[in-house]
Amino acid sequence: MTTYSLRPAAPADGAFLADMVVEVANWRQGAARPRHDVLADPVSRGYVAGWQRPADRGVVALDGDGDPVGAAWYRLFPADRRAHGFVASGVPELIIGVRPLWRAQGVGRALLQELAHAARSSGHARLALSVEHGNFAAALYRSEGFAVVETSGRRDTMVRTLLA
Ligand SMILES: CC(C)(COP(=O)(O)OP(=O)(O)OC[C@H]1O[C@@H](n2cnc3c(N)ncnc32)[C@H](O)[C@@H]1OP(=O)(O)O)[C@@H](O)C(=O)NCCC(=O)NCCS
């Protein structure tokens, strides 16, 4: 059995979160966009630039040696610098990535659940995200309570309500 643990993301996690942004950009089987190319894109870079701002929250999964293997985090985007899953200013947008060797072992779901807990504790009523058509992650999000609120091109924006 594979064991991992979770901890809150910290300012020093910026480089690892950037690694996860690269994993997200390369979610399709066989995709291998280089890191510098992914992070040159203002929208991709926007998920990690200046990490960690006061309202940023994240969760990092660690292997048995304490090395990071996955992360989910959210931040607030202003309307004029929106990312892919922008719904409204004040609604944080999350992004999630798990290193390939650690996928399909429950890490992603555990990260999502812990992040939703953190968002609720911080007083957020909703969490948003963006997912490309064809990414199985959409099924994971649906099973965690997210629903599609908008479709634009090859992307769905999904939102989960956190407070009753
Ligand atoms: C999406 C991602 C974060 C999910 O993390 P994970 O640790 O692999 O997910 P889990 O192991 O918690 O699996 C969650 C569910 O998805 C299913 N699943 C996992 N891998 C799958 C795959 N390749 N195809 C279809 N379903 C899959 C699991 O069976 C599980 O469902 P279950 O609980 O009903 O069995 C991870 O695969 C990843 O980093 N992908 C690349 C980056 C990415 O696409 N990020 C999301 C951008 S929107």
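The values are calculated or read from the model by the stated rules, or taken from the named source; none is laboratory data. Everything numeric in this text was worked out from a predicted model, so none of it was measured. Using ideal geometry, Cβ is built from the backbone for each residue, glycine included, and neighbour counts are taken over all protein chains shown. The area values use the complete protein model at the heavy-atom level, side chains included, leaving out ligands, DNA and RNA. Shrake-Rupley method; radii C 1.70, N 1.55, O 1.52, S 1.80 Å.
Which residue pairs have Cβ atoms under 6 Å apart, sit 6 or more places apart or on different chains, and have a first residue in the range 68-96 that is in contact (Cβ under 8 Å) with a residue 60 or more places away in the chain and open to solvent by less than 50 Å² (accessible area, probe 1.4 Å) and a second that is in a loop (DSSP other than H, G, I, E, B) and more than 11 Å from the ligand (Cβ to nearest atom)?
69/63; 73/9; 86/77
So, in the range 114-141, of the ones that are more than 7 Å from the ligand (Cβ to nearest atom) and loosely packed, with under 15 Cβ neighbours inside 10 Å, which residue ends up nearest to residue 59 (Cα to Cα)?
117
With the requirement that a residue be within 10 Å of the ligand (Cβ to nearest atom), in contact with a helix residue (DSSP H, G or I) (Cβ under 8 Å, 6 or more places away or on another chain) and within 17 Å of residue 130 (Cα to Cα), what does the range 57-113 give you?
Within the range 57-113, 71, 72, 84, 94, 95, 96, 97, 98, 108, 109, 112 meet the criteria.
Answer yes or no: is there a residue in the range 41-48 that is outside any helix (DSSP H, G or I), within 15 Å of residue 97 (Cα to Cα), more than 13 Å from the ligand (Cβ to nearest atom) and in contact with a strand residue (DSSP E or B) (Cβ under 6 Å, 6 or more places away or on another chain).
No, the conditions are met nowhere in the range 41-48.
Can you confirm whether the range 24-39 contains a residue that is outside any loop (DSSP other than H, G, I, E, B), touching a strand residue (DSSP E or B) at 6+ places or on another chain (Cβ under 6 Å), open to solvent by less than 20 Å² (accessible area, probe 1.4 Å) and within 15 Å of the ligand (Cβ to nearest atom)?
no
Could you check the range 3-23 and list, in sequence order, the residues that are open to solvent by 60 Å² or more (accessible area, probe 1.4 Å) and among the hydroxyl-bearing types (Ser, Thr, Tyr)?
3, 4
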